[in-house]
There are 2 protein chains.
Amino acid sequence: MTQMLALLLASAAVPAAPAHPLPVAATTTQAPSPLFAAEVERAKRDVDASIRAGVNVPVPKDPGGGLTHEQHKRNYRTIFEGGQLYRLTGEARYRDHVRALLLAYADLYPKLGPHPAASNQVPGRLFWQSLNDSVFLVNAVQGYAEIRDALPAADRQRIDDQVIRPMARFLSDGSPEVINRIHNHATWAAAGVGLSGYLLGDRDLVDKALLGLDKSGKAGFLRQLDLLFSPDGYYAEGPYYQRYALQPFVVFAAAIAANDPDRKIFDYRDGIVLKAIRTAIDVTHDGYFLPINDAMPDKSLRTEELYHAVAIGYGATKDPTFLSIANWQGRTVLTPAGQAMAADLAVGKAKPWPFGSRLLSDGPEGKNGALVLLRTKADPKGPLLVAKNSVQGMGHGHFDRLGWLYYDETGAVVTDYGAARFLNVEAKRGGRYLPENDSWASATIAHNTLVVDEQSQFAGNWKTGEKFGTRQIAASLDGPTRYSIGAIDSAYKDVRIRRALLLISVDGLSNPLALDILHGTGSGRHVYDLPLHFSGHIIDSDIMFDRELAERRVLGKANGYQHLWVDGEGTKAGKARLTWMQGSRFYSYHMAPPAGTRFFVAESGANDPDFNLRREPVLIQRVDGAAAATFVSLLEPHGAYDASAETVVASSARVTALEHRREKDIDLVLITLVDGRRIAIAVADDAAADATHSLTIDGRTLAWNGPVGRLDIAKTGAKK
Amino acid sequence: MTQMLALLLASAAVPAAPAHPLPVAATTTQAPSPLFAAEVERAKRDVDASIRAGVNVPVPKDPGGGLTHEQHKRNYRTIFEGGQLYRLTGEARYRDHVRALLLAYADLYPKLGPHPAASNQVPGRLFWQSLNDSVFLVNAVQGYAEIRDALPAADRQRIDDQVIRPMARFLSDGSPEVINRIHNHATWAAAGVGLSGYLLGDRDLVDKALLGLDKSGKAGFLRQLDLLFSPDGYYAEGPYYQRYALQPFVVFAAAIAANDPDRKIFDYRDGIVLKAIRTAIDVTHDGYFLPINDAMPDKSLRTEELYHAVAIGYGATKDPTFLSIANWQGRTVLTPAGQAMAADLAVGKAKPWPFGSRLLSDGPEGKNGALVLLRTKADPKGPLLVAKNSVQGMGHGHFDRLGWLYYDETGAVVTDYGAARFLNVEAKRGGRYLPENDSWASATIAHNTLVVDEQSQFAGNWKTGEKFGTRQIAASLDGPTRYSIGAIDSAYKDVRIRRALLLISVDGLSNPLALDILHGTGSGRHVYDLPLHFSGHIIDSDIMFDRELAERRVLGKANGYQHLWVDGEGTKAGKARLTWMQGSRFYSYHMAPPAGTRFFVAESGANDPDFNLRREPVLIQRVDGAAAATFVSLLEPHGAYDASAETVVASSARVTALEHRREKDIDLVLITLVDGRRIAIAVADDAAADATHSLTIDGRTLAWNGPVGRLDIAKTGAKK
């Protein structure tokens, strides 16, 4: 085995480690681990089945989910797994099957032109989009590397020259419009090209992968590391694509660390690769990625990308908290990195992942906003308030600046629709994004943020949105009153929006309250809509709704409004409330809206000719014909329903009043609980950390520094 | 401890066991078991918290879910658990707290009249319905029995005379309209009264409980055992109430076995109590009770009733398959029966419960129909076809004779709405049944059975329905072609309905096919609607639907139709198909309907002013203006979606054609698979087991005995 081959897929070495091969014996004599043993068994089942089925390398024809698409996906997995199994077992049948597959590709690949099912993406050769071709190459190189030395020279030459090199050429010089972008598709291409370069000993391919086709460093892997992640390791397109993009970043980084140790790739940009891995884990709830932007809500840490990332992250750091994630995953990768990590997990080295609040700055310099995660416990299922004050996130970004989400033990409570897509389901437009992804899922009304005049932010043009960040004004990640304050002036012409989202712990309440103070400030007359998308069954409301009981209209004509069935429209003087139930818990949403606010209960699913949309409820607060509007809302989780024991506690809200006043340049919110206690929350316009403020509330003085002050007031007349 | 007290709650003795007390020492020296230890810890936490909170016995005021309701529920649990803990630990604080609670009830109870929140149920004293008072007494007696001997005579006297005896009197002589019924409310009353009788040594109470108030045997516990269960142990009201009713049956039976061993109660009526326990376990899928009739779908074997039933069933039989149910439950009861069972579970005696197909005859003689369960594996989550050819089930029965359900690994696939109710949620009418339970949930259109002229069966009058059974014509519970054939002539005036439901295993298909052949035969002109309520997201259909995209109407005016929003109406010549996706699987519903059939896709939730209904999809096949109609439909589960690995297989159906012909007095159905194979299923009108039939299909002869024949035909022109 050549040094280069051995290094290619070595366990991610710490950057300072000397460049020597990791011999196979060193990994196979590690402590046996049930996790890794199960991977080996699983791979044997897969590959042995593939051996029995024989080589099947069809001429490409079908789009995502179709037969040839799925077969080529199976093939690259078989090549990857077969190669690893040959390394682990030395059994000839694995080598021979990988060889046979690759030789079949050597027959097929040079004859291929653009894929016949190409759509609006850059076409691949094996797949309808070149992205999948990159994924093929990243996997195939890793499998091939493990058998290459064991092949006759003629076979090696044929596979090198008719599969690996032409694929790498197609994805580099042959596709400048892909590899020279700053985009996850380019990272996959760079990883495929770079891994091929290391394997073939082709420095030209490696340098193009690292530095762009012209090797200037204006494109390529290093530039992608500079621009695609914020300094906190947050990926501009959001958690779903952070997950997706991670695999080529970590796999290629591990190969660079092994082959070009002097680059100290894990130290690059203050350790950005490791930050990206950690942040990917942090942007989950109960192991599932927050479905911000184009995202499937069923994606969790239990995915191939994260098996690689956790194994490589652990290899590079030996941080035992990675092991608890591997334990939750219940899976790892077949590589030496996976093997070494599983061995440490098996001997009990795991420690819990420290889930906590985080302010993840966005933009390459971290100056274009942030994704803020407010958590009150380290429990992965615990309360989580997400404030999306981020950049646009390119073509997969949604028009949801200043939006928010809320999760807790019952799952998603204040929800994001995610993407309108049935991944790989052929009957749903070949598994691609559906028309409703533009018309509904990315529209502002489909999110929990202010809509002005029934338009989406940036007039629904993501390229416009791409030019503007969001302002992350202030945040506090700890203590009983966590918060994030953000603002944006560019989303709508002439309307400034500022929002404070607070997560308030209260003695005696088992769950925190989520307070929302939102100002829309413009001139002239506008329609201001504040939607709340929630999950659960409506229990009751004190709003008098005129219900659409026997005939149902849609709310509007365009920008997502055409997809909303109206269930009812109503009004309420003073504070209003809607209560719903999800799982074992009740949620009351209290509102102190501007005078004249109308309320709509609606549901997604109208104007959906192909049944592409899920049907989910939304409550909308609407102010019509005002220059400015302030919405103050409070989400209160309460009570418990136990179906097994048939018990219910606290099915009614503990919050009895919610008041808002402007005092000087301060928003003062008073929350009254059923036991008479009150909590005063004051948010100053001046968010400077050193600014001092004071207010008088019922004769008591509240004085504080920074934007947010709080005063808990005992029951009036109470002795203590 | 007196003999009687000790016996009252003894582990269910085998009937022949001699009547001697089971000393406490004998149970506490059993092998320690984690399951029982956890119960003791849980009970200690509950009771210790109650001790700290102090005695709280409020004047009854609230309906279900309200404060006083929940407090009295907590109290009877505390009395039960406190008594058991005193037996197990001998610690005085448990005795003292139970005593204090019971003395507080001695102060309160004699002063109470009918409950102020009484509704249309018979009012209790402590609760809005007397049923809950019965449950209180059953629990309180069991707790009190454990401390009674340890109390000063004066306390004992007071509790006997001011709590136990007056409660027992109220529930016997004081409520003849309850205890003399043949109904689960009467069983709870009988159990409370009977347990009180054993405890107080009051033979009069015992005999009234066993034989009715006049002691003639025309009412009371034994008569309930005769009439409420079919010979197969199926409870007339369905699985949900079978579960609910079970606790008083098993607890009282165990007490009778201990105190009146000569009655051999576990042998009574060929072992009906044990049959009832076994059948209760069988009428579940994945541990959840089939939500037939008025039922909450979240009820599982993890309920107090089944903890008692499994412990007592195991005690009476030592059948180790009960232990696997206890293991799934993860809970047991604090009684000696629970302790003994948990000890055997801890030493590894459990064997899997033999879930299989069952024909559960219905009606006291087993002659009024059946609930048929067709299963293809013993896996509790495996495929399950349910044919509901049962009796009405009294006031909680739905109008769904000849209806069907289908479950598999993804959960409920062909669904039953269950009850329209939010159990114990005060804002939803105090947790009682909602108006939509009558207007929607019990209506025929809300079920998977034929609706004639938009009416419910028996004109929606359950008392009429109560007079008529269903005919269970034939069934086959094993082999590759399992089936049930049922008929009813009384559900609609002048229309006879006959339905064959078959579960067909096919080589090479991982899941069975469910075939449905339904004949509605009348005279004149009728509208025949066949609904299919399903769970999942619509993928596609070959029916051309006119969609209600921007305005939505309701399907009808009454009988449940007013609750259906129309999504679309369409037609299709020849075979029609609708495909949906649930979890990781696809389902195609193939239809060979009569010519001129129109198809509706609709959704529940219209005319629902209080948001009481869940919104669930339904497909309806409609024949309008015919004397008779035959609907032939086939449910095909297929394919797999793996969100984690991003793979999809077989998202399109394997069934390509479905044809139906009448040949003589036989229904012949031909199912063609994508690989060219065909399966011919023939169902003869003459269902006699010894009848012989034959048909010629493409030159081949199919000859069979009994109602159903099958011929698998290889691909035409295939060599083999």
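The values are calculated or read from the model by the stated rules, or taken from the named source; none is laboratory data. None of the values given here were measured: they were computed from a predicted structure. Positions of Cβ are generated from backbone atoms using ideal geometry, with glycine treated the same way; all protein chains shown enter the neighbour counts. To get the accessible areas, we keep the full protein, side chains included, count just its heavy atoms, and leave off ligands, DNA and RNA. Shrake-Rupley method; radii C 1.70, N 1.55, O 1.52, S 1.80 Å.
A few points about this structure:
- Residue that is surrounded by the fewest Cβ atoms within 10 Å (Cβ to Cβ), among those in the range B:628-662 that are assigned to a strand (DSSP E or B) and within 14 Å of another protein chain (Cβ to nearest Cβ): B:ASP642
- Residue list for the range B:72-124, restricted to those being more than 14 Å from chain A (Cβ to nearest Cβ) and polar (S, T, N, Q): B:GLN84, B:THR89, B:SER119, B:ASN120, B:GLN121
- Sole exception among (1) part of a helix (DSSP H, G or I); (2) open to solvent by less than 20 Å² (accessible area, probe 1.4 Å); (3) touching a Pro at 6+ places or on another chain (Cβ under 7 Å) for A:VAL250, by number: (3)
- Whichever residue in the range B:415-436 is under 14 Å from B:ASP400 (Cα atoms) and surrounded by fewer than 24 Cβ atoms within 10 Å (Cβ to Cβ) and, among such residues, is farthest from the other protein chains (Cβ to nearest Cβ): B:THR415
- Evaluation of A:SER584 against the conditions (1) within 14 Å of chain B (Cβ to nearest Cβ); (2) touching a Phe, Trp or Tyr at 6+ places or on another chain (Cβ under 6 Å); (3) open to solvent by less than 20 Å² (accessible area, probe 1.4 Å) shows that the sole unmet condition is (3).
Matching residues to (1) hydrophobic (A, V, I, L, M, F, W, C); (2) closer than 13 Å to B:ARG278 by Cα; (3) crowded, with 17+ Cβ neighbours inside 10 Å:
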| site | (1), (2), (3) |
| --- | --- |
| B:THR335 | no, no, yes |
| B:ALA342 | yes, no, yes |
| B:LEU345 | yes, no, yes |
| B:LYS351 | no, no, no |
| B:GLY356 | no, yes, no |
| B:LYS367 | no, no, no |
| B:ALA370 | yes, no, yes |
| B:LEU373 | yes, no, yes |
| B:ALA378 | yes, no, no |
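- B:ASP319 meets all of the listed conditions (1) of a type in the set (D, E, K, R); (2) farther than 28 Å from B:THR415 by Cα; (3) in contact (Cβ under 8 Å) with a residue 24 or more places away in the chain but one, namely (3).
- Among residues of the range A:25-50 that are open to solvent by 20 Å² or more (accessible area, probe 1.4 Å), those with a beta-carbon under 7 Å from a residue that is at pLDDT 95 or above and acidic (Asp, Glu) at least six positions away or on a different chain give the pairs A:ASP46/A:GLU81.
- For the range B:514-522, the condition of being open to solvent by 20 Å² or more (accessible area, probe 1.4 Å) and in contact with a Gly (Cβ under 8 Å, 6 or more places away or on another chain) holds for none of the residues.
- Just one residue in the set A:ALA474, A:ALA459 is in a strand (DSSP E or B) and either away from chain B (no Cβ under 14 Å) or on the phi > 0 side of the Ramachandran plot (or both); that residue is A:ALA474.
- Qualifying residue in the range A:356-369 (condition: assigned to a helix (DSSP H, G or I) and touching a residue at least 12 places away in the same chain (Cβ under 8 Å)): no
- Residue count for the range B:477-499 under the criterion of being among the charged types (D, E, K, R) and either part of a strand (DSSP E or B) or under 21 Å from B:THR415 (Cα atoms) (or both): the result is 5.
- Selection of the range A:70-125 for residues being over 17 Å from A:PRO58 (Cα atoms), outside any helix (DSSP H, G or I) and modelled with pLDDT of 95 or more yields A:GLY90, A:GLU91.
- The C-beta contact set for the range B:544-571 (first residue open to solvent by 50 Å² or more (accessible area, probe 1.4 Å) and hydroxyl-bearing (Ser, Thr, Tyr), second residue in a loop (DSSP other than H, G, I, E, B) and modelled with pLDDT of 95 or more, distance under 9 angstrom, 6+ apart or interchain) comprises B:THR571/B:ILE543; B:THR571/B:THR597.
- B:LEU695 vs. criteria in a strand (DSSP E or B) and within 20 Å of B:LEU518 (Cα to Cα): no
- Looking across the range A:553-574, just one residue is farther than 17 Å from A:ASP529 by Cα and either outside the structural domain of A:VAL623 (by TED's automatic domain parsing) or at pLDDT 95 or above (or both), and that is A:ARG553.
- Among residues of the range B:390-443, those that are assigned to a loop (DSSP other than H, G, I, E, B), at positive phi and either free of Cβ contacts under 8 Å to residues at least 12 places away in the same chain or within 16 Å of the chain's Cα centre (by Cα) (or both), counted: 2
- A:PHE611 vs. criteria over 18 Å from A:VAL413 (Cα atoms), at pLDDT 95 or above, within 14 Å of chain B (Cβ to nearest Cβ) and crowded, with 16+ Cβ neighbours inside 10 Å: yes
- Residues that are polar (S, T, N, Q) and not in a strand (DSSP E or B) were ranked within the range A:501-558; the one that is farthest from the other protein chains (Cβ to nearest Cβ) is A:SER505.
- Test: residue in the range B:589-602 that is open to solvent by 10 Å² or more (accessible area, probe 1.4 Å), aliphatic (A, V, I, L, M), farther than 19 Å from B:ASP438 by Cα and within 11 Å of chain A (Cβ to nearest Cβ): no
- Of the residues contained in the range B:303-322, one or more are found to be assigned to a helix (DSSP H, G or I), of a type in the set (S, T, N, Q) and farther than 16 Å from B:LEU405 by Cβ.
- Sole exception among (1) out of contact with any Leu (no Cβ under 9 Å at 6 or more places or on another chain); (2) open to solvent by 10 Å² or more (accessible area, probe 1.4 Å) for A:GLY382, by number: (2)
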